[in-house]
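Scroll down for the structure; my scribbles are underneath it.
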Amino acid sequence: MIKTETPTLNLSNLVNGEKGIITKVLGHGAFRKRISEMGFVKGKTVTVIKNAPLQDPIEYKIMGSHVSLRRSEANMIEVIVPLDSVINEKTNYNGTFLTDSTNEIIEKQLKTINVALVGNPNSGKTTLFNFATGKHERVGNYGGVTVDTKEAHFDQGGYRLNVTDLPGTYSISEYSPEELYVRKHISENKPDIVVNVIDSSNIERNLFLTSQLMDMNIRCVVALNMYDDLERKGDSFNYKELAKIIGIPIVATVASKGMGIKELFNTIIDVYESRNPIARHAHINYGTNIEESISRLKNEIKKNKKLSDSFYPRYTAIKLLEADSAFIDQVASFPDTADILLVAENEINSLEKEYKEKSDTIIADAKYGFIHGVLRETYKHKELNKIQTSQAIDVIMTHKYLGFPIFILFLWLMFQLTFSVGSYPMDWIDSGIGHLSGLIGDILPAGSLHDLIVDGIIGGVGGVIVFLPNILILFFFISLMEDTGYMARAAFIMDKLMHKMGLHGKSFIPLIMGFGCNVPAIMATRTLEIRKDRILTMLIVPLMSCSARLPVYVLLISAFFPTNQGLVLLSIYMIGILLAVIVALVFKKIFFAKEDVPFVMELPPYRIPTLKNTLVHMWDKSLQYLTKMGTVILAASIIIWALGYFPRDIEYSKDYDKEAASINLNSNLTDDVKETHLSQLEIDKEAERLENSYIGQIGHFIVPAIAPLGFDWKIGVSIITGLAAKEIVISSMGVLYQAELSADENTVNLKNKLQEQVFTSGPRIGEKVFNPLVAYGMMLFILIYFPCVAVIAAIKKEANGNWAIFTMFYTTALAWLIAFTVYQVGSLFL
Amino acid sequence: MIQDILVFLIVIATLGYVAYSFAISLKKKKEGDACGGCSGCSLSEKCSSLTVDKINIK
């Protein structure tokens, strides 16, 4: 009896002497045929005999004979390992003797379909992925949002569909790392079905990728997405006819509304089961000369069994003719391929001589010729008498002179509404937390636990949580700008400015994403083709103000800028962008040679954003924010509080109790005056205690570095704690300032406390710590200095450790310099 | 006194949580995964070596 809970493995995972039962053979075409002929079919038992000295190839025993497979080939065979080997021990039989439970596992495996979503950027792959799988992955109406693969599964029609969402690419050539990555995923992971998602509003360009998939001889289904756009335009498209011509079933979908998704996956199942009448392998006819070259090269390739088992020979021939260097390297890694590469070189020379063009251009032209031809047969444009809506809007939005002011206006509106609309729920939450604080304060008797909960946890976490509405409003607007397609216009508008300063316009996309969170923005730099551009963009992404920094701005602006709050906030963001441009320019001159790549970002049509997508976006952000409150902010608040609360046995500079007693006994003072003196005495005592606490000692240690910026030690400590996450700056201020001043029973309003805060030691003792100048300097410091740990880790991963360390130091040094300049120069005037 | 004991336990538990999180992030780094699963990061859920097939940029 075989235990059914055995996991599915790849054959390559088995160790010497281990046995497995084949459940599924991945891949298709020549590889599958050859492997089946060798006996690797469902239900057969395979035994690992031995690994070669370099772990490759591996010798297996199947059906009584010994067969050697490369590790990559063994990777394509899925097996289950029987936990007890009754089959062989009792029956000594290696054939298809299977128990019901084993059959069940094999059937389950066979009913699992691995699907990969590929397509041009912004064709709606992630929207389709989200709808099909019920996931909430980030989408936007511009290309390059998906920077990683995402995997999820769901069941339909008795099948388990494992769906992988790949980054958007215009082709699978070798232009960018993403293109290479998608190609590698398809050729190495060999998904059962590749779904090519096509944007209906730009079919011709999208079909270029389809033509490359046709060359690869893989099983495909086309999702003709955003089909409603095409219908709205009034164009007519006989896509069923196109499907017959290219041998790939096409399903019209509107992923944002879920239309056609079920039909799409039913078609995928049909193609997988080879019962779809349309699915067949069709060749693109590249014309006599190219076809002859392909044919000669293909014959040479077929002589090399290993190569032709790994890649479809016609596809190999086409890629070699395109002189695709990454592919040539891959071919060269196979044994005995020198002749093939020589033939390829001769054919390329002959074609280039004939057409007087580079070979890759010749093939791309032929592909577009094919696409043009099939579309002429199947696609009819509606005659347009007027400019299309998107173009009409763009006349104003991307206008040479109006575009930039409109962009600034939108940003100002967004920030102004973040304040004005956000202030109402902010006050409600603030008041609620104040009442909670009062309630807990009344219930719990005085003591350290009371202080921890009221001053540490509520003061710290409560101080941050009140900014949730502001964050949500900001994300609402960012989501609107992304989904409508305006973000792509913003990049277009900024490109003019950035290009003049030597920065790649496409870099603006990761920078825009940085407004949400810097980590995915760092990952999004993968959309840039040149490594130098990627690193340069990574270096300036931290200057884009992420949403975690927003609470600090909202707090300080609310407290010290009673008017023009939106404008002040806008200025912070704009300074971030301006610094990013300047820093990029300087770094480009210092570190990187000038190398320009054309700006290839397209402007997608304007679309009406869906409420669902916007709400999902906001909901996800709320969850992230609240999770952060319950974990890192809570932990930081408790630790900061403890460091500020202990030690308790402080030696005070004077006897406060004796002074209090003498005030009480002083009959010359009225009760009101006595109360004021006693209250001040209490504050002075608490201030001295805090100064001598552990956190006070740390704070005083860093005072020399921050005093020239006008900061007190509490700001310094808050800034240090912000290294982990920027919201901790607020919670630290909440704990440090809350502890010192008597808490208002109805509010935890930190801004009032900041307004009252005075220096308790040093040369400026008694002076107010904060004024608009210090607040502005602090906001700029928070904007620029050390991005959080997660961002540094992301830079280390995407670039390397040296660039991560460099980012840490340069941002902090720049922050200090800017805050110093603002404070020192500003002090001369204010 | 009870309050002091409870505070002591809470602070120790918090320090333990921070140390554990730090150890996990170091372990991930050793495994070549720089993602610390930071709670505020929008990629934290999928940024695990199990679900993310990383793009290897040369």
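The values are calculated or read from the model by the stated rules, or taken from the named source; none is laboratory data. Remember, it's a predicted structure, so these values are computed and weren't measured experimentally. Note that we place each Cβ from the backbone using ideal geometry, even for glycine, and neighbour counts take in every protein chain shown. Calculation scope for accessible area: heavy atoms of the full protein, side chains included, ligands and nucleic acids excluded. Shrake-Rupley method; radii C 1.70, N 1.55, O 1.52, S 1.80 Å.
Below are the figures for this structure:
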{"read-out": "Subset of region A:230-245 [touching a strand residue (DSSP E or B) at 6+ places or on another chain (Cβ under 8 Å) and in contact (Cβ under 8 Å) with a residue 60 or more places away in the chain]", "value": "A:235, A:236, A:237, A:238, A:239, A:242"}
{"read-out": "Helices (runs of 4 or more DSSP H) fully within region A:711-830 counting 2 or more residues that are among the charged types (D, E, K, R)", "value": "A:727-740, A:750-756, A:789-798"}
{"read-out": "Test: residue in region A:198-206 that is closer than 26 Å to residue A:377 by Cβ and among the small types (Gly, Ala, Ser)", "value": "yes"}
{"read-out": "Top-ranked residue in region A:655-669 [being part of a helix (DSSP H, G or I) and either touching a Lys or Arg at 6+ places or on another chain (Cβ under 6 Å) or among the hydroxyl-bearing types (Ser, Thr, Tyr) (or both); ranked as most open to solvent (accessible area, probe 1.4 Å)]", "value": "A:662"}
{"read-out": "Residues located in region A:543-590, provided they are outside any helix (DSSP H, G or I) and either acidic (Asp, Glu) or more than 24 Å from residue A:809 (Cβ to Cβ) (or both)", "value": "A:561, A:562, A:563, A:564"}
{"read-out": "Residue within region A:57-74 that is part of a loop (DSSP other than H, G, I, E, B), within 23 Å of residue A:274 (Cα to Cα), modelled with pLDDT under 75 and open to solvent by 20 Å² or more (accessible area, probe 1.4 Å) present", "value": "no"}
{"read-out": "Residues within region A:313-326 that are of a type in the set (Ser, Thr, Tyr) and either modelled with pLDDT of 85 or more or surrounded by 22 or more Cβ atoms within 10 Å (Cβ to Cβ) (or both), tallied", "value": "2"}
{"read-out": "Residue among A:405, A:445, A:425 that alone is out of contact with any strand residue (DSSP E or B) (no Cβ under 6 Å at 6 or more places or on another chain), open to solvent by 30 Å² or more (accessible area, probe 1.4 Å) and not in a helix (DSSP H, G or I)", "value": "A:445"}
{"read-out": "Yes/no for residue A:286 being of a type in the set (Phe, Trp, Tyr), open to solvent by 30 Å² or more (accessible area, probe 1.4 Å) and within 27 Å of residue A:364 (Cβ to Cβ)", "value": "no"}
{"read-out": "Pair list, Cβ under 7 Å, 6 or more apart: region A:676-700 residue without any contact (Cβ under 8 Å) to a residue 24 or more places away in the chain, other residue among the β-branched types (Val, Ile, Thr) and part of a helix (DSSP H, G or I)", "value": "A:677/A:663; A:678/A:663; A:699/A:717"}
{"read-out": "Members of region A:223-233 found to be open to solvent by less than 40 Å² (accessible area, probe 1.4 Å) and of a type outside the set (A, V, I, L, M), listed by number", "value": "A:225, A:227, A:228, A:229"}
{"read-out": "Neighbours by Cβ (under 7 Å, 6+ apart or cross-chain): first from region A:248-276, charged (D, E, K, R); second open to solvent by 20 Å² or more (accessible area, probe 1.4 Å)", "value": "A:270/A:276"}
{"read-out": "Boolean, residue A:652 is more than 10 Å from chain B (Cβ to nearest Cβ) and open to solvent by 20 Å² or more (accessible area, probe 1.4 Å)", "value": "yes"}
{"read-out": "Meets criteria (more than 30 Å from the chain's Cα centre (by Cα), surrounded by fewer than 17 Cβ atoms within 10 Å (Cβ to Cβ) and not polar (S, T, N, Q)) for residue A:247", "value": "yes"}
{"read-out": "Filter pass, residue A:168 being open to solvent by 10 Å² or more (accessible area, probe 1.4 Å), outside the structural domain of residue A:480 (by TED's automatic domain parsing), farther than 26 Å from residue A:310 by Cα and modelled with pLDDT under 85", "value": "no"}
{"read-out": "Output for region B:1-27, where each listed residue is in contact (Cβ under 8 Å) with a residue 12 or more places away in the chain and more than 10 Å from chain A (Cβ to nearest Cβ)", "value": "B:24"}
{"read-out": "Residue in region A:617-637 that is open to solvent by 60 Å² or more (accessible area, probe 1.4 Å), in contact with a Ser or Thr (Cβ under 7 Å, 6 or more places away or on another chain) and closer than 30 Å to residue B:16 by Cβ present", "value": "yes"}
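Rundown of residues vs (1) at pLDDT below 85; (2) closer than 17 Å to residue A:216 by Cβ, yes/no style:
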| residue | (1), (2) |
| --- | --- |
| A:267 | no, no |
| A:279 | no, yes |
| A:293 | no, no |
| A:307 | yes, yes |
| A:310 | yes, yes |
